[in-house]
Amino acid sequence: MRYIGARYVPLILGEWDSTKSYEPLSVVVYQGNSYTSKKNGPVGVDITNTVYWVQTGNVNQQIEQMYTEWYNYKEQMDD
């Protein structure tokens, strides 16, 4: 017997492609950030469409936070 139902394990797919359709819990990368599909997305749905996609990783923000923490730590060490 084979279970066919809702996906509960993310499917890691690489770069987002507007010419493809995506099933729920598909994880893609766009401009260095990761996005996860919330439901079946037909071809042509933009990655910024929050009905279908949620941003799950913001690399630029993470790098900025890491730099800020490093700078604060350096300031403490200099004092």
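The values are calculated or read from the model by the stated rules, or taken from the named source; none is laboratory data. Keep in mind that this is a model prediction, so the values were computed, not measured. Counting neighbours? That spans all protein chains shown, and the Cβs are built from the backbone with ideal geometry, glycine included. These accessible areas exclude ligands, DNA and RNA; they are computed on the full protein's heavy atoms, side chains included. Shrake-Rupley method; radii C 1.70, N 1.55, O 1.52, S 1.80 Å.
Distance between the modelled labels on ASP79 and GLN55, one decimal in nanometres: 3.2 nm (7 Å Cα→Cβ projection).
Entry note, the chain: relative contact order of 22 percent, from Cα contacts under 8 Å with a spacing of 6+ residues. Within a straight-line Cα-Cα reach of under 13 Å, LYS39 can be paired with the following aspartates and glutamates, leaving aside sequence neighbours fewer than 8 residues apart in one chain: GLU23.
Of the peptides 28-41, 66-79, the ranking by mean beta-carbon count within 10 Å, highest at the top, reads 28-41, 66-79.
What the Cβ-Cβ distance of TYR71 and VAL29 gives, at R0 = 25 Å and to the nearest 0.05, is a FRET efficiency of 0.35. Remark: the chain carries 80 Å² of accessible area per residue (probe radius 1.4 Å; ligands, DNA and RNA excluded).
Residues whose amide H lies under 5 Å from that of TYR22, counting only those 5 or more places away or on a different chain, are GLY41; hydrogens are built 1.01 Å from N in the peptide plane. Shown in residue order for the stretch 52-57 are the 3J(HN,Hα) couplings computed by the Karplus curve 6.51 cos²θ - 1.76 cosθ + 1.60 at θ = phi - 60°: 9, 10, 10, 6, 10, x Hz (x for Gly and Pro). Distance between the modelled labels on GLU15 and THR48, one decimal in nanometres: 2.0 nm (7 Å Cα→Cβ projection).
The alpha carbon gyration tensor of the chain gives principal lengths a ≥ b ≥ c with a/c of 1.5 or higher and a/b greater than b/c, which makes the shape prolate. Ligands, DNA and RNA left out, the accessible area of the chain computed with a 1.4 Å probe is 54% carbon and sulfur.
With the helix formula -39500 (n - 2.57) applied to DSSP H stretches of n ≥ 4, the chain reaches a computed 222 nm mean residue ellipticity of -8500 deg cm²/dmol.
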